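Only one structure is covered here, and it is reproduced in the block below.
The values are calculated or read from the model by the stated rules, or taken from the named source; none is laboratory data. Since this is a predicted model, take the numbers as computed values, not measurements. Positions of Cβ are generated from backbone atoms using ideal geometry, with glycine treated the same way; all protein chains shown enter the neighbour counts. Calculation scope for accessible area: heavy atoms of the full protein, side chains included, ligands and nucleic acids excluded. Shrake-Rupley method; radii C 1.70, N 1.55, O 1.52, S 1.80 Å.
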Amino acid sequence: MTEDFDVRLVENAKYYTPGAEYKRDSWIGDYQKAYDRFLADPVAFWNNVAQDLEWIRPWDSVREWNYPYAKWFVNAKLNITANCLDRHVKNNRRNKVALIWRGEGGAERVYTYQRLLSEVMRFANALKKLGVTKGDVVCIYMPMIPEQIIAMLACARIGAVHSVVFAGFGATALNMRIRDAEAKIVITSDISIRRGKAIPLITIVQEAIDNAPSVEHVIIHSRRREPPVVIHPDFELDFYEIMNNAERECPPEVMDAEDPLFILYTSGSTGTPKGVVHTCAGYMVGAYYTTKAVFDIKDEDIYWCTADPGWITGHSYIIYGPLAAGATIFLTEITADFPDPGIWWKLIEEQKINIFYTAPTAIRMFMKLGTQWPQKYDLSSLRIIGSVGEPLNPEAFEWYYKEIGKERCPIVDTWWQTETGMQMITTIIGERMRPGFAGKAIPGVVADVVDKTGTPVPAGTMGFLVIKEPWPAMFRTVYKNDERYRNYWYTIKDCYMAGDLAVKGNDGYIMVLGRSDDIIIVSGHNIGTAEVESALVSHHAVAESAVIGKPEPIKGNSIKAFVILKLGVKPSEKLTQDLISHVRKTLGPIAVPHEIEYVDKLPKTRSGKIMRRVLKAKEMGIDPGDVSTLDE
Ligand code: PRX
């Protein structure tokens, strides 16, 4: 499917070079030198990085590579929370601020490393008291509040495997994730607060645990004082009540390097979501290393990543990476446009944020709303600004660079995935940046753009983005479905296939073009076409459906569904609204179709597979290409 790709940008190279002064004293130093050092001896390179961290027992070897399975820091013993918390407390930094949280309505909470450690230990003991032991799965379905982070770290403290589900998912999606992981405990809040409104979470959880026999307890963090949450005493417990009744000290559980740390579900192109499994040591080293190398966090910095801890970006770059690096993190549940679109810039001014990491969908929204909002605030504290989640198109790059970075801050457009665990491609600060291009492989990573035989494609030609060497934070399997793991490695010879299309410039810079499979990225959230289709088909009026992503200027993509109704059912506006609310209830607001078209037929291959590519081409008025497999 590789085809010639005419990227005018490849010829009209345009570069920006801010931040040359950062390079001199940055953690990673000169990009090329660091990359050469890595290539000369990858084992020594990672060995060296891992030395920064604290281990209960050192490794026998850095890596064991048995295609497509890797072990990293073989036989080492560790606990990631000892690195994220105790290490700083011991090293005279117990009073350093670990976390500043702002709620809607102005509430602020500040946690020093000592306070965070104390609360994590208490909550860890509370979990232990409930019978949670090493290897048990705990599902966390919470808003963006400190308790979400405390719950995650408490699991890691005792070796329980957390499976965080983004609180924008609906009951069916949550149920599926709880059941697949066989979670023993679900931790939630009564409500989440968004744009001034309380959104009930507990009712979604109560519905989701019906038919989820593994769940023994639900722990509820109560935010709303009135009306108080009614707790069902045998089964439901109050977050702070069990925490306050627990012992204070909780030594970190001794974990093997390859013990699982967490499961995180991500959309698959077919069937159910995939439980991506990450392990303790490699993930810790990868998240720590990239936090230092890409964000160059200094001791006095205040760092803000706007992601939800419930996504991989939050796991790696709100929690584990920055805390392992001893950073001060800013976290807020405040959305970008409420009470007005200046709120994030106001927060940057107030908190004097130095490093800001967000998503292209937010940048494009700000672009649309105009420069008057950021111009009202002093953004001079910013030093590095970042982007993640989907391609940062050149227009959005230019705007971000000018209006937010004031032509002074380097932009780190970071390409990576839930599966990679850590950032893989970016432009290291101080190097010249090229709008539209994420950049090059980070030292420690070998990336390329190849055709389906694995041969690198020439510059300017579209191909598949692949990784050619194992890396420490790579996922180890798909939970209970190792075949899906192997598929990533056996589709293209000797490569990890990321599922993205990309093009390389003559300068080696990589531009990521988007997904090559049936995943739609809407406002930075991965949605599987298959999940939306099966949600639609579970409605009594629907016989069949096909879902595509349609390019949309702000969200990146919008979801369009084609629906065949059951015999005798007539399309109507009411039915459309019904279907939309059915998907909202099943999968959550993030997966709701923006458009539904009723059709009599869907384009299929002779073997009966829906050809979404044909629907998409028709929708966009472009040539669908090879349709030789199309039935009729
Ligand atoms: O298509 C790529 C896109 O997001 C996918 C991974 O999504 P997820 O696992 O949810 O992780 C998102 C946060 C790491 C990739 O396959 N993507 C992510 N970052 C970029 C990107 N596409 C282009 N440029 C990026 N910087």
Q: Only residues that are under 20 Å from N481 (Cβ atoms), touching a Lys or Arg at 6+ places or on another chain (Cβ under 6 Å) and among the aliphatic types (A, V, I, L, M): list them for segment 229-286, please.
A: V277
Q: For Y265, indicate whether it is open to solvent by less than 30 Å² (accessible area, probe 1.4 Å), among the hydroxyl-bearing types (S, T, Y) and more than 16 Å from the ligand (Cβ to nearest atom).
A: no
Q. Do we have any residue at all in segment 528-540 that's open to solvent by 10 Å² or more (accessible area, probe 1.4 Å), assigned to a helix (DSSP H, G or I), in contact with a Phe, Trp or Tyr (Cβ under 6 Å, 6 or more places away or on another chain) and within 15 Å of the ligand (Cβ to nearest atom)?
A. no
Q | Breaking point among (1) at pLDDT below 95; (2) buried (at least 17 other Cβ atoms within 10 Å of the Cβ); (3) within 30 Å of F166 (Cα to Cα), for A617 | A | (3)
Q.
Can you go through T358, T328 and tell me which one is in contact with a helix residue (DSSP H, G or I) (Cβ under 9 Å, 6 or more places away or on another chain), hydroxyl-bearing (S, T, Y) and more than 16 Å from the ligand (Cβ to nearest atom)?
A. T328
Q: Tell me, please, whether a residue that is touching a residue at least 40 places away in the same chain (Cβ under 8 Å) and open to solvent by less than 60 Å² (accessible area, probe 1.4 Å) can be found in segment 557-565.
A: yes
Q) How many residues does segment 311-354 contain that are assigned to a helix (DSSP H, G or I), touching a residue at least 12 places away in the same chain (Cβ under 8 Å), out of contact with any strand residue (DSSP E or B) (no Cβ under 6 Å at 6 or more places or on another chain) and more than 28 Å from I527 (Cα to Cα)? A) 7
Q. Just checking, which of K402, K406 is open to solvent by 10 Å² or more (accessible area, probe 1.4 Å), more than 30 Å from K274 (Cα to Cα) and in a loop (DSSP other than H, G, I, E, B)?
A. K406
Q) Quick one: would you say N506 is at pLDDT 90 or above, outside the structural domain of P603 (by TED's automatic domain parsing), of a type outside the set (D, E) and more than 15 Å from the ligand (Cβ to nearest atom)? A) yes
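Residue check: is F464 closer than 17 Å to Y490 by Cβ and in the same structural domain as S316 (by TED's automatic domain parsing)?
Details: closer than 17 Å to Y490 by Cβ: yes; in the same structural domain as S316 (by TED's automatic domain parsing): yes.
Taking the combined requirement at face value, the residue satisfies it.
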Q: Of the numbered conditions (1) part of a strand (DSSP E or B); (2) within 23 Å of W311 (Cα to Cα); (3) touching a residue at least 40 places away in the same chain (Cβ under 8 Å), E544 fails exactly one; give the number of that condition.
A: (2)
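Matching residues to (1) in contact with a strand residue (DSSP E or B) (Cβ under 6 Å, 6 or more places away or on another chain); (2) in the same structural domain as Y320 (by TED's automatic domain parsing):
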{"site": "A44", "(1), (2)": "no, yes"}
{"site": "N47", "(1), (2)": "yes, yes"}
{"site": "L53", "(1), (2)": "no, yes"}
{"site": "P58", "(1), (2)": "no, yes"}
{"site": "E64", "(1), (2)": "yes, yes"}
{"site": "Y69", "(1), (2)": "no, yes"}
{"site": "F73", "(1), (2)": "no, yes"}
{"site": "C84", "(1), (2)": "no, no"}
{"site": "V89", "(1), (2)": "no, no"}
Q. Counting only residues that are farther than 16 Å from A281 by Cβ and polar (S, T, N, Q), which one in segment 20-68 is surrounded by the most Cβ atoms within 10 Å (Cβ to Cβ)?
A. S26
Q) Does P458 meet the test of being open to solvent by less than 10 Å² (accessible area, probe 1.4 Å) and either in a loop (DSSP other than H, G, I, E, B) or within 16 Å of the ligand (Cβ to nearest atom) (or both)? A) no
